[in-house]
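**Student:** Okay, here's the structure, questions in a sec.
Derivation of every value follows stated rules applied to the coordinates shown; laboratory data play no part. Only a predicted model underlies this, so the values are computations on that prediction, with no experimental measurement involved. FYI the Cβ positions are ideal-geometry reconstructions off the backbone, even for glycines, and counts take in every protein chain you see.
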Amino acid sequence: MRLIRAELLKARRRSATWILLVVALALTALIYLLIGRSIGGVGCDISFGGLDESCIVEFPASYALIDQFAFTTLGGLLAIVYAAAFVGADWNWGVLRNVIARGESRARYLLAKAAGLSIVLAIGCAIIFFFALAMTLLTALTHGIPIASPLRGNGLVDLVTNFGLGYLVVLERAALGFAVAVVLRSQLAGAVVGIVLYLGEGIITTYLTFTAVARYFGDSGGFGNGALQLVGPEWFQYLPMTVGNQVLSWAPGVAGNIAAGGLQGIFLRPVPLEQALPALLIYLFVAIGVSIVSLNRQEIV
């Protein structure tokens, strides 16, 4: 607990913690200002500036947009950058040398650092999530869009489940950036490589999605009786970044929302949650394990 408290204190004093949080909130607010009435969902007819009766902010359906800010596109990318900066700075600033000189266990120190990071990310995700929720309600009120109660039915359970699955996705992506920074012993290298992996996997899976659709195209494959038939799941949906999207695709409000799944959600079946969630956790623990093994093998001078 002493080491975890020390990591939390360092995180609070580190400028990157506050800069990335402000950036996330500013981008979230800007995007909401740009999308305006479209938060009402697909059912809103706004082509001529008018709203039909089906236009309403529903819950948990609205979580599909909120999750993009807190967990996937914005939150996931910033988590990779922050995790790399959080652990990689110890090499840049020579902190690790002093820790080892005090006789601390390398594995215990790294696990404490990972625990501290998970707490900081939990707080950050909660702030972004509820800020995006507030922006959803504010934007709806500004444009005169009716708002359904977020607490009706299974409202609170849906909210907790959605946040829990999203937080696991953020942790897994942060763990990947964490591991890269430890292996390369640099916060800058960890952040850059993490971003390249994030964006590179997106490009690769987009290409492979088109390839899979083309392979199944025809009466016996992708299309039957003139209707689009989903295919898969495909092997590339189990890749580290993509599997996080697969887990979140089963969250309340996101499940069944094809648009929330991006290109893969249109053409491919999602990976079942009972497969996607264990795969996500495996990536998470393997990344931490690789970090510990790498740190134990490094010569700290």
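**Student:** Mean separation of Cα pairs under 8 Å and 6+ residues apart, divided by the residue count of the chain: what relative contact order is that in percent? Write down the numbers at each step before the final one.
**Tutor:** On the way: 405 pairs, mean separation 72.7, N = 301.
Result for the chain is 24 percent.
**Student:** Starting from the amide H of residue 268, placed 1.01 Å from N in the peptide plane, find each other amide H under 5 Å away whose residue is 5 or more places distant or on another chain.
**Tutor:** Sorted by chain and number, the residues that satisfy this are 231.
**Student:** Which residue fluctuates most in the GNM of the chain (Cα springs below 10 Å): 78, 248, 137?
**Tutor:** Residue with maximal mean-square fluctuation among 78, 248, 137: 137.
**Student:** Suppose R0 equals 41 Å. What FRET efficiency, 1/(1 + (r/R0)^6) with r the Cβ-Cβ distance, do residue 286 and residue 95 give to the nearest 0.05?
**Tutor:** Details: r = 25 Å, r/R0 = 0.61.
Computed FRET efficiency for residue 286 and residue 95: 0.95.
**Student:** If you put +1 on each Lys and Arg Cβ and -1 on each Asp and Glu Cβ, how big is the dipole of the stretch 2-297 around its Cα centre, in Debye rounded to 20? Intermediate values should be presented prior to the final figure.
**Tutor:** Working: 18 positive and 14 negative charges, 350 e Å.
Roughly 1680 debye, rounded to the nearest 20.
**Student:** Distance from the Cα centre of the stretch 88-126 to that of the stretch 145-177, in angstrom?
**Tutor:** Cα centres, the stretch 88-126 to the stretch 145-177: 27 Å.
**Student:** Something else now. I'd like the FRET efficiency for residue 192 and residue 34, computed as 1/(1 + (r/R0)^6) with the beta carbon distance as r and R0 of 30 Å, rounded to 0.05. Write down the numbers at each step before the final one.
**Tutor:** Numbers: r = 28 Å, r/R0 = 0.94.
So, using R0 = 30 Å, E works out to roughly 0.60.
**Student:** Could you sort the peptides 60-69, 113-122, 89-98 by per-residue average Cβ neighbour count (10 Å cutoff), highest mean leading?
**Tutor:** Working: 60-69: 24.0, 113-122: 19.7, 89-98: 15.6.
By packing density, highest mean first, the sequence is 60-69, 113-122, 89-98.
**Student:** Now for a different question. In a Gaussian network model over the chain where Cα atoms closer than 10 Å are linked, find which of 58, 104, 172 has the largest mean-square fluctuation.
**Tutor:** Of 58, 104, 172, the most mobile in the Gaussian network model is 104.
**Student:** May I ask you to evaluate 6.51 cos²θ - 1.76 cosθ + 1.60, the Karplus curve with θ = phi - 60°, for each residue of the stretch 204-213 and list the ³J(HN,Hα) values in order in whole Hz, giving x for glycine and proline?
**Tutor:** Taking θ as phi minus 60°, the curve returns 5, 5, 5, 4, 5, 5, 4, 5, 5, 5 Hz for the stretch 204-213.
**Student:** Still on this structure, I have one more. Pop out the ³J(HN,Hα) list for the stretch 135-149 in order, Karplus 6.51 cos²θ - 1.76 cosθ + 1.60 with θ = phi - 60°, rounded to Hz; leave Gly and Pro as x.
**Tutor:** 5, 4, 5, 5, 5, 5, 5, 4, 9, x, 8, x, 10, 7, 5
**Student:** Determine the gain in length on full extension of the stretch residue 210-residue 296; use 0.36 nm per residue of separation and subtract their C-alpha separation, reporting nm with one decimal. Write out the running numbers ahead of the final one.
**Tutor:** Working: separation 86, 0.36 × 86 = 30.96 nm, distance 4.25 nm.
Extra length from residue 210 to residue 296 when fully extended: 26.7 nm.
**Student:** Here is a further query. Under a point spin-label approximation (7 Å from Cα along Cα-to-Cβ), what is the residue 12-residue 147 distance to one decimal in nm?
**Tutor:** The two pseudo-label positions are separated by 3.2 nm.
**Student:** Would you compute, from DSSP H runs of 4+ residues alone, the mean residue ellipticity of the chain at 222 nm, taking -39500 (n - 2.57) per run and dividing by the full residue count, rounded to the nearest 500?
**Tutor:** Details: 11 runs with 205 residues, N = 301.
One gets -23000 deg cm²/dmol as the mean residue ellipticity at 222 nm.
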